[in-house]
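The values are calculated or read from the model by the stated rules, or taken from the named source; none is laboratory data. Keep in mind the model is a prediction, meaning the values are calculated, not measured. Reconstructed Cβ throughout: ideal geometry from the backbone, glycine too, with neighbour counts over all protein chains shown. Side chains are part of the model used for accessible areas, which takes the heavy atoms of the whole protein and leaves out ligands, DNA and RNA. Shrake-Rupley method; radii C 1.70, N 1.55, O 1.52, S 1.80 Å.
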Amino acid sequence: MSVVLVTGASAGFGKAICQKLIADGFSVIGTARRLDKLQELQKELGDKFLPLQLDVTDLTAIEALPGKIPPSFQPIDILINNAGLALGLEPANEVPFQYWDTMVHTNILGLIKLTHTLLPEMVKRNHGYIINLGSIAGTYPYKGGNVYGATKAFVRQFSLNLRTDLLGKKIRVTNIEPGLCGGTEFSNVRFGDDKKAAEVYTGVDFVTAGDIANTISWLISMPEHFNVNSIEIMPTAQAPAGMSVAKNM
Ligand SMILES: NC(=O)c1ccc[n+]([C@@H]2O[C@H](COP(=O)([O-])OP(=O)(O)OC[C@H]3O[C@@H](n4cnc5c(N)ncnc54)[C@H](OP(=O)(O)O)[C@@H]3O)[C@@H](O)[C@H]2O)c1
């Protein structure tokens, strides 16, 4: 039976992905910083779910991770690099540098370190699938998206470059690029203000974590010869609706 490792499994997309993939019959390793949330999830999902505490900004801990996984959850067939965050929506000249630092360490360094740690075994077995959580922010700029969007542009290009390096190997890579998705902690983390976070979703029929989990379930169910390079998903209520012009500057 195939084994999936999901980062950021304590909330939002990651939690929904674990729930869906366990229902699909996979064994799932769920990682995040909040072990209590993962342990709660294990109570719901049972023994085919392995909770493991991991801060993806701790590169030494990532390197040690394979040694902490019991044989029944090895080898890992599918890596879902989902852990990530946006901090703030201030313009570049006002945002605290710490926000940029944290986003780069989480969304870029954590993702590439985990990939670098697990990929050699996939190559050795000539089998595997890496699914990255990018964002439409990696393609379409928006005000205050400065470094968050740039980290997701990195993830998009890294995903494409991985496919290039892996040409000739039976290893798939997909970058998922969601737009506005609600029902997760994303905006609560971004604003550190639950009221402000709730306002983002008022009056919008948003994409849900379940929608993203169903998309991943479908991607995995497709045969090995079929690779989706990237998939952009927005709610019907969202579209790239034109450039802005500043007048009388
Ligand atoms: N929601 C959206 O609208 C949206 C749109 C496009 C893309 N995305 C991307 O989709 C992914 C998931 O977003 P979400 O909406 O599900 O957000 P979420 O509800 O805030 O969940 C984020 C997950 O990442 C984990 N995480 C954050 N920092 C971490 C760290 N240093 N080490 C380990 N785990 C860490 C969190 O767990 P702990 O706090 O327990 O560590 C949590 O489980 C992110 O990469 C995000 O950028 C989201």
Of the residues in region 161-202 that are more than 8 Å from the ligand (Cβ to nearest atom) and touching a Gly at 6+ places or on another chain (Cβ under 6 Å), the one that is farthest from Asn126 (Cα to Cα) is Tyr201
Subset of region 188-208 that is hydroxyl-bearing (Ser, Thr, Tyr) and under 18 Å from Ile233 (Cα atoms) - its residue that is least open to solvent (accessible area, probe 1.4 Å)
Tyr201
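The rows are residues; the columns are (1) open to solvent by 60 Å² or more (accessible area, probe 1.4 Å); (2) in contact (Cβ under 8 Å) with a residue 40 or more places away in the chain; (3) out of contact with any Lys or Arg (no Cβ under 8 Å at 6 or more places or on another chain); (4) aliphatic (A, V, I, L, M).
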| residue | (1), (2), (3), (4) |
| --- | --- |
| Ala16 | no, yes, yes, yes |
| Lys20 | yes, yes, yes, no |
| Gly25 | no, no, yes, no |
| Leu52 | no, no, no, yes |
| Val56 | no, yes, no, yes |
Would you check if Val200 is assigned to a helix (DSSP H, G or I) and out of contact with any Phe, Trp or Tyr (no Cβ under 8 Å at 6 or more places or on another chain)?
yes
For region 2-52: of the residues being assigned to a helix (DSSP H, G or I), within 14 Å of the ligand (Cβ to nearest atom) and of a type in the set (A, V, I, L, M, F, W, C), which is nearest to the chain's Cα centre (by Cα)?
Phe13
Filtered residues of region 207-226 (kept if under 18 Å from the mean Cα position of the chain (by Cα) and either more than 20 Å from Ala137 (Cα to Cα) or not in a strand (DSSP E or B) (or both))
Ala209, Gly210, Asp211, Ile212, Ala213, Asn214, Thr215, Ile216, Ser217, Trp218, Leu219, Ile220
Picking from Thr174, Thr164, which residue would you name as being of a type in the set (Ser, Thr, Tyr) and under 14 Å from the mean Cα position of the chain (by Cα)?
Thr174
Go over the candidates Gly138, Gly182, Gly110 one by one and state the one that is touching a helix residue (DSSP H, G or I) at 6+ places or on another chain (Cβ under 9 Å) and open to solvent by 10 Å² or more (accessible area, probe 1.4 Å).
Gly138
I'd like the full set of residues that are farther than 20 Å from Thr102 by Cβ and under 13 Å from the mean Cα position of the chain (by Cα), limited to region 124-154.
Ile130, Ile131, Ile136
